[in-house]
Structure formats: C-alpha cells, structure tokens
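Structure, as structure tokens:
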Amino acid sequence: MAAGIDDVARAAGVSTATVSRALRDLPNVNRATRDRVRVVAAQLGYVASPSAVSLASGRTRTVGLISPWINRWYFANVIEGAERTLRAQGFDVLLYTFDVRRDSARPRVDLDVLRRRVDGILVVGLPLEQDEVDALLTLGHPLVCIGWGGFGQVTVRLDDRATAREATRYLIGLGHRRIAHITGAPDDITPWSPPVGRAAGWRDALLEAGIEPEAALEVHGHFDLAGGRESMRTLLAQAPDVTAVFAASDEMAMGAILALRDAGLEVPGDVSVMGVDGHDMGELVGLTTMAQAADEQGAAAAQLVLDMAAGLTPPREVVYPTVLVERTSTGPPRS
C-alpha cells in the first residue's frame, strides 16, 4: 500500500499539517523541518495528490474556457492553442459550452459551473452582456476575452475592421464593383463583435472607392458552411449581378462556393469569393482568404490568464495581424 500523509508525519515526527505546509513550500516551517519532511516523503514514496494540494491551497490549477462551439475551425484552433499552453504549465481546462441555435436565445452564463473550480477564465468568440461579465468578475479570477472584447476586459483579437478593409480593397483592385458581404447573425450587433467590425470594414472600402454600400448586398451567414450556402442563394436572388463576395469567415465562403456551383456558376469566372481565417480546407478548394493564427491567439490568451493569476499586469489588448493568401477563388470580373 502506498504511504499516506499520516505515515510521513509519524516518520518525520511532525503533524500532518506541517507535512502539507512543508511539501507546498508554505511559510511557518523552518528549513530543517522542511528538509526532513521532504527526505522522509521521498523515502516512503509519498506524493501529494493534485486534488489534495488544490483543496489545501485554494488553487485548482484549472482555467475555465467558455465557448459557444468546439467544432468550428476558429474555436477549435483557439481552444487547442490555449489547452497546449496551459497543459505545459501543469494546468487543466474546464470547457464550458452552450447549446447555441439560430431559433432560440442563447443560455446565459451559469456561475455555478465555474465557482470554486477554476483559477482563471477565457471567453472565446462569445460577446457577453455586461451583467454577465460583471457576474464572472465576482468570482475573483482573471478574465481574458478572445476574438471579442468589451467592458474594459483584457482582449486578444484581430483588427476586424482593418482586415475587412484590406479584403474588400483587394477585390476592388481586381476590378470588382458589385461586391457582396456575408456577415454573421442578425443579432451580432455589439460594437466589439467581429462580424460588426468586418461589415464596417467592407463598407469603409466601398465608400473609399466611391461605391455606395447596398443593403441587398449584405446577408447573414451565421458563421457556418450551411449559412454561407443559404445566404449565397439569397444574394443570387436579390442581386444577380454580383461579381464578388467577401465572407466574414472561410466556412461561410466555402458554403458560398457550393451555392454558386449549385447554380451552375464558375468561381472565379462568374463570381469571386474570399473569406477570413486560413481554414485547413481552404487550400483544397483554392480559397483566397485573410489568414489568422487562431492557435497563437489561444496560446497568448492562456498565458495572459496565468500571468494575471500570478499578479502580473497584462496589456489591455493584444491585436494579431492577418495575411492575404491569394488562391484561385478570386480573379477579375468578366469583361
């Protein structure tokens, strides 16, 4: 049978509380006693369990990660980057997801899922209400937002507006004038939500080129492939003369390409399509995109949470760049 803390205490001639404090380097244990306890623990093969250490220290060595999805490219890559960084430093991830559907309201954050179970909180791509953020802060743990930011919280994100401006300028540079935009969901309206910034950047670039943005050229794709396909069909019905589409995500862009093929149209011969992300499948379909390092953002956000938990002062915002990756889904409009 493995030795327990009582065995170490008896062999070292101290109390179990002293054993616990000595092995966790807590104060009020003199050096000689600490060394003796460590030697005895090593001789008996005693190792304190992580749960016991957590209970005694008040630290869980776990970070809560709130995400609406885990099966979409951006969220999966952010989570992987965060988990890799946390695991390397001996922390676990408590994943808190939601059942987010188009036809129903999003469930609100339940503090009891996180209470007394985490040392920090990451919120991935999920714009929360101010009262939800305030409630999370009452837990007393560092909070970092990834892909969105608001209410003064530490944020890791893209410059969504600049990314969309560059993408739209690229299409304008190819000669396109009828450029549509596939955005997120109709209720994505908070100023710091990525689809809001990307739609604003699309409008900026059009106005800069003397092109008036039209409501009929902006449709909602809900950030998934099916939504992109459906929204492209809507675009073809209400703006059949469109020659280019800038989608706010690669998954929506790939859905748009499927809809164009369904309609017997060529990409990019009839309609050029580009997205945002750098999705792993983008190269397979020749998708032009504004690529981002989502896993690096997750890793950076995880490190910020750990730094904050250690008492360090973080930057208020970390902004990652995107890179234009030109492939075969874009080209000049037909003359």
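The values are calculated or read from the model by the stated rules, or taken from the named source; none is laboratory data. Because the structure is a prediction, the values reported are computed rather than measured. So basically every Cβ, Gly included, is an ideal-geometry build from the backbone, and we count neighbours across all protein chains shown.
Please enumerate the residues belonging to region 163-187 that are closer than 28 Å to Glu132 by Cβ and surrounded by fewer than 19 Cβ atoms within 10 Å (Cβ to Cβ). Across region 163-187, the qualifying residues are Ala185, Pro186, Asp187.
Those strands (runs of 3 or more DSSP E) of region 137-218 in which at least 1 residues are in contact with a Phe, Trp or Tyr (Cβ under 7 Å, 6 or more places away or on another chain) and either among the small types (Gly, Ala, Ser) or under 25 Å from Arg233 (Cα atoms) (or both), considering only elements entirely within it, cover 179-183.
When you look at Arg84, is it over 12 Å from the mean Cα position of the chain (by Cα) and assigned to a loop (DSSP other than H, G, I, E, B), yes or no? Answer is no for this residue. On inspection, Leu128 passes the criterion of being buried (at least 18 other Cβ atoms within 10 Å of the Cβ), in the same structural domain as Gly311 (by TED's automatic domain parsing) and either at pLDDT below 95 or not polar (S, T, N, Q) (or both). Residues that are without any contact (Cβ under 8 Å) to a residue 60 or more places away in the chain and in contact with a Phe, Trp or Tyr (Cβ under 9 Å, 6 or more places away or on another chain) within region 84-107 comprise Thr97, Phe98, Val100, Arg106, Pro107, listed in sequence order. Taken over region 55-80, residues that are of a type in the set (Gly, Ala, Ser) and closer than 23 Å to Leu225 by Cα amount to 2.
Residues in region 214-231 that are touching a strand residue (DSSP E or B) at 6+ places or on another chain (Cβ under 8 Å) and more than 13 Å from Ser249 (Cβ to Cβ): Leu217, Glu218, Val219. Taken over region 16-42, the residue count meeting the criterion of being at pLDDT 80 or above and assigned to a loop (DSSP other than H, G, I, E, B) is 2. Taking the criterion of being among the polar types (S, T, N, Q) and within 28 Å of Phe75 (Cα to Cα), the residues of region 230-273 that qualify are Ser231, Thr234, Ser249, Ser272. Note on region 239-264: residues that are part of a loop (DSSP other than H, G, I, E, B) and without any contact (Cβ under 8 Å) to a residue 24 or more places away in the chain amount to 2.
Here is a check on your reading of the model: is Asp99 charged (D, E, K, R), surrounded by fewer than 21 Cβ atoms within 10 Å (Cβ to Cβ), in a loop (DSSP other than H, G, I, E, B) and touching a Lys or Arg at 6+ places or on another chain (Cβ under 9 Å)? Yes; evaluated as a whole, the condition is true for this residue. Condition first: assigned to a strand (DSSP E or B), of a type in the set (D, E, K, R) and at positive phi. Can you find one or more residues in region 274-281 that meet it? Taking every residue of region 274-281 in turn, at least one turns out to be assigned to a strand (DSSP E or B), of a type in the set (D, E, K, R) and at positive phi.
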